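> The structure that follows is given in the form of structure tokens.
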Amino acid sequence: MATTIPTIVKLLPTKALPPRERLQELAKTSARIFSTTYNPHNLRTGNRVLRERLKGPTLLDYYFPGRRVGVVDLRRYFPMMSFADEDERQRLLDVQSKKLRGKGAPKKKKEANKKKAKIVRGSVEEYVLARL
Amino acid sequence: MFPTLRLSKALNLGSFVNARVLRDHARREAFAAAELTRQALRYIAQNTQLPLLQRTKAQVDLALMDSNTRRMKIKNRCIVSGRGRGILRNFRICRYQFRLMGKAGDLPGVKKANW
């Protein structure tokens, strides 16, 4: 807290005041000694903004508190280090074992279905033949 | 829609998720990422000791920042149902879920009044 002239005046034993300059000097010295702000004209220095605490972390914690950092985040912020992603490793292992058991994902189709194309272009008879 | 918003790839929200919840969470991430810049610009803009040109420039920069980095764009939503209105801030759920969960005894210390 900045020591203002009124507070100093309150502390004085008598009502006979020293000159204004002396009081200001006193406020200045006290501010210097206790490393407080000396701002006699109450100028707006924007310190209010600097004093505000950052709200981002709290707001981020809204939907799922306490689970903000994952392996991907670690890798992004520390690219020089390596991190093991246990979940991803387990997933790859599962995929591999499924493939070995013949239960993997089906192969991609290389050509479009020829039968269907014929049906669309062909006449009614061809369509019936194709259906039979 | 939100080309500037990018969600963390390791995102695992434990709560109910729909597009609106995701959008709100993305806004939270955008705000948290830009908060420091925003505060620095606010400091420059509000400091009357600095030259007028610099302060004006800071004001313009603030105004030109992505609107999704604003604090006021963030809205508290229900973590159980994703509802945007009628949220009890202390429980982070909406009034209807509060009623259901309170009745079921899922909220510690919450009891239906009876007199």
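The values are calculated or read from the model by the stated rules, or taken from the named source; none is laboratory data. Model, not experiment: these values are computed from the prediction. Cβ atoms come from the backbone with ideal geometry, glycine included; neighbour counts cover every protein chain shown. Accessible surface areas use protein heavy atoms only, side chains included; no ligands, DNA or RNA. Shrake-Rupley method; radii C 1.70, N 1.55, O 1.52, S 1.80 Å.
> Using R₀ = 41 Å, calculate the FRET efficiency as 1/(1 + (r/R₀)^6) where r is the Cβ-Cβ separation of B:Leu88 and A:Glu111; round to 0.05. It would help to have the intermediate numbers written out before the result.
On the way: r = 59 Å, r/R0 = 1.43.
FRET efficiency, B:Leu88 to A:Glu111: 0.10.
> Let me ask another. Kindly provide the Kirkwood hydrodynamic radius of segment A:47-102 in Å, to one decimal, from all pairs of distinct alpha carbon atoms.
Values: mean 1/r = 0.0665 Å⁻¹.
Computed over segment A:47-102, the radius equals 15.0 Å.
> At a probe of 1.4 Å, how much accessible area disappears from chains A and B on forming the pair, both sides counted, to the nearest 100 Å²?
Details: alone 13530 and 8930 Å², together 19990 Å².
Its buried surface, counting both partners, is about 2500 Å².
> Can you sort B:Arg95, A:Arg89 by 1.4 Å-probe accessible area, starting with the largest? Write out the running numbers ahead of the final one.
Working: B:Arg95 145, A:Arg89 125 Å².
Heavy-atom accessible area, descending, gives B:Arg95, A:Arg89.
> Could you run the Debye sum over the Cα atoms of chain B, one equal point scatterer each and no solvent, and tell me log10 of I(q)/I(0) at q = 0.09, 0.14, 0.20, 0.21 Å⁻¹, two decimals?
Log-scaled intensity ratios, in q order: -0.40, -0.73, -1.04, -1.09.
> Cα-based Rg of segment A:1-109 per 2.2 N^0.38 Å, rounded to two decimals?
Details: Rg = 32.1 Å, N = 109, 2.2 N^0.38 = 13.1 Å.
Segment A:1-109 yields a ratio of 2.46.
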